[in-house]
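Take a look at the structure set out below.
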Amino acid sequence: MLIDVAAAGVCGTELHFLDGLLTPGRTPITLGHEVAGVVAEVGEAVEHVQPGDRVAVHYLHACGRCRWCRTGDDHLCDAPLGFLAFGTDGGFAEQVVVPASATVPVPSGLDLAEAAALCCSGTTALHAVDVAGLTSGSSAVVYGTGGVGLALVQMLSEAGARPIAVARNPERLALARELGAETTVNAASEDVAAAIRAATGGAGADVVFELVGTRATGAAALASLAKRGTLVYVGYSFDRVEFDPLSLVVPEQRIVTSVGNRRSELVEALDLAARGRLVTRVTRHPLEDVQQVLDDLRAGRVLGRAVLIP
Ligand SMILES: [Zn+2]
Ligand SMILES: [Zn+2]
């Protein structure tokens with residue numbers, strides 16, 4: 001299916017490709033895995049979508065047949081038909097070709113730029129909340145307040161948890177508070193673990209979502225965990241993180257990981273956004289400004305999600 005790209009979100013993953021932490025399946029390749037647009041052409045066998053439809057793309061185009069796809073965990077698909085920006089050309093372009101099965105209708109009334117941003121930020125947040133196994137009233141730290149972090153804050157309040165946002169940028173912390181964070185911790189000026197212990201009556205956090213993935217943030221995240229606490233890794237960097245098993249065993253803490261999202265979670269995120277329950281702050285930029293946007297993202301100057309408009 002051929003899609004006229006209406007908007008493509010710029011994600012931290014882009015920087016991982018540019019830095020060589022992630023290697024695409026082939027080069028050259030077009031980046032951009034958060035894509036929404038309008039269907040331009042469909043293949044003969046496609047029946048459920050037609051030209052003119054507004055769609056968002058699930059960036060991992062699942063095969064629908066492997067053991068993971070059959071149980072709904074299609075984000076772990078063994079034999080994807082395509083993988084935007086990772087293996088096949090992504091959405092920093094005027095048009096993109098994807099299998100029709102990888103598209104999801106965008107509810108009427110939802111802006112396509114917001115829909116694009118949700119394809120990774122909002123959906124990654126939904127999946128991470130699912131992986132964490134939260135209970136209502138849990139204290140949950142969101143370590144990093146980019147697009148995923150701000151969506152996480154909202155999904156956590158929605159789930160009845162008590163979100164604590166950690167970041168170095170005061171503007172981002174203010175936005176996190178506006179979106180539902182009960183407590184904010186400025187990692188540039190505060191001892192993160194001590195601040196989280198203080199905010200949780202000394203107990204530590206039931207869940208910490210690690211969206212940064214450096215050695216320093218990993219250490220602070222582990223030091224912030226409560227007994228039986230769960231550290232959820234979403235972010236990564238070139239760093240390695242050290243821990244001694246004893247310090248995890250005695251308080252029965254867990255480390256789990258969460259990658260991307262299921263197609264069903266994209267459907268859910270778009271629905272939540274259309275009903276105003278998941279807000280994505282987007283800033284719009286012309287496609288030709290991609291380098292400036294990437295520089296801003298690297299410098300931590302992007303508030304919410306930057307979206308490229310071809
Ligand atoms: Zn992404
Ligand atoms: Zn599959």
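The values are calculated or read from the model by the stated rules, or taken from the named source; none is laboratory data. Everything numeric here is computed off the predicted structure, so don't read it as measured data. Backbone-built Cβ (ideal geometry, glycine too); neighbour counts: all protein chains shown.
The table below lists the values:
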{"item": "Residue in the stretch 91-99 that is at positive phi and either within 15 Å of ligand 2 (Cβ to nearest atom) or more than 19 Å from the chain's Cα centre (by Cα) (or both) present", "result": "no"}
{"item": "Residue satisfying condition, being touching a strand residue (DSSP E or B) at 6+ places or on another chain (Cβ under 9 Å), of a type outside the set (S, T, N, Q), within 16 Å of ligand 1 (Cβ to nearest atom) and part of a loop (DSSP other than H, G, I, E, B), within set 52, 9, 32", "result": "32"}
{"item": "The one condition in (1) in contact (Cβ under 8 Å) with a residue 60 or more places away in the chain; (2) within 16 Å of ligand 2 (Cβ to nearest atom); (3) in a loop (DSSP other than H, G, I, E, B) that residue 75 fails to fulfil", "result": "(3)"}
{"item": "Checklist (1) among the acidic types (Asp, Glu); (2) closer than 23 Å to residue 261 by Cα; (3) at pLDDT 95 or above applied to residue 158, failing item", "result": "(3)"}
{"item": "Residue check for residue 141: in the same structural domain as residue 12 (by TED's automatic domain parsing), crowded, with 20+ Cβ neighbours inside 10 Å and over 13 Å from the mean Cα position of the chain (by Cα)", "result": "no"}
{"item": "Elements of type strands (runs of 3 or more DSSP E) in the stretch 236-310, at least 3 residues being out of contact with any Phe, Trp or Tyr (no Cβ under 8 Å at 6 or more places or on another chain) and either exposed (fewer than 13 other Cβ atoms within 10 Å of the Cβ) or in contact (Cβ under 8 Å) with a residue 40 or more places away in the chain (or both)", "result": "282-286, 305-309"}
{"item": "Breaking point among (1) over 20 Å from residue 246 (Cβ atoms); (2) buried (at least 19 other Cβ atoms within 10 Å of the Cβ), for residue 226", "result": "(1)"}
{"item": "Criterion violated by residue 57 - all others in (1) surrounded by fewer than 15 Cβ atoms within 10 Å (Cβ to Cβ); (2) touching a strand residue (DSSP E or B) at 6+ places or on another chain (Cβ under 6 Å) satisfied", "result": "(1)"}
{"item": "Considering residues of the stretch 12-24 that are assigned to a loop (DSSP other than H, G, I, E, B), in contact (Cβ under 8 Å) with a residue 60 or more places away in the chain and out of contact with any helix residue (DSSP H, G or I) (no Cβ under 6 Å at 6 or more places or on another chain) only, the residue nearest to residue 91 (Cα to Cα)", "result": "24"}
{"item": "Evaluation of residue 108 against (1) within 16 Å of ligand 1 (Cβ to nearest atom); (2) in a loop (DSSP other than H, G, I, E, B); (3) not hydrophobic (A, V, I, L, M, F, W, C) (one fails), failing number", "result": "(1)"}
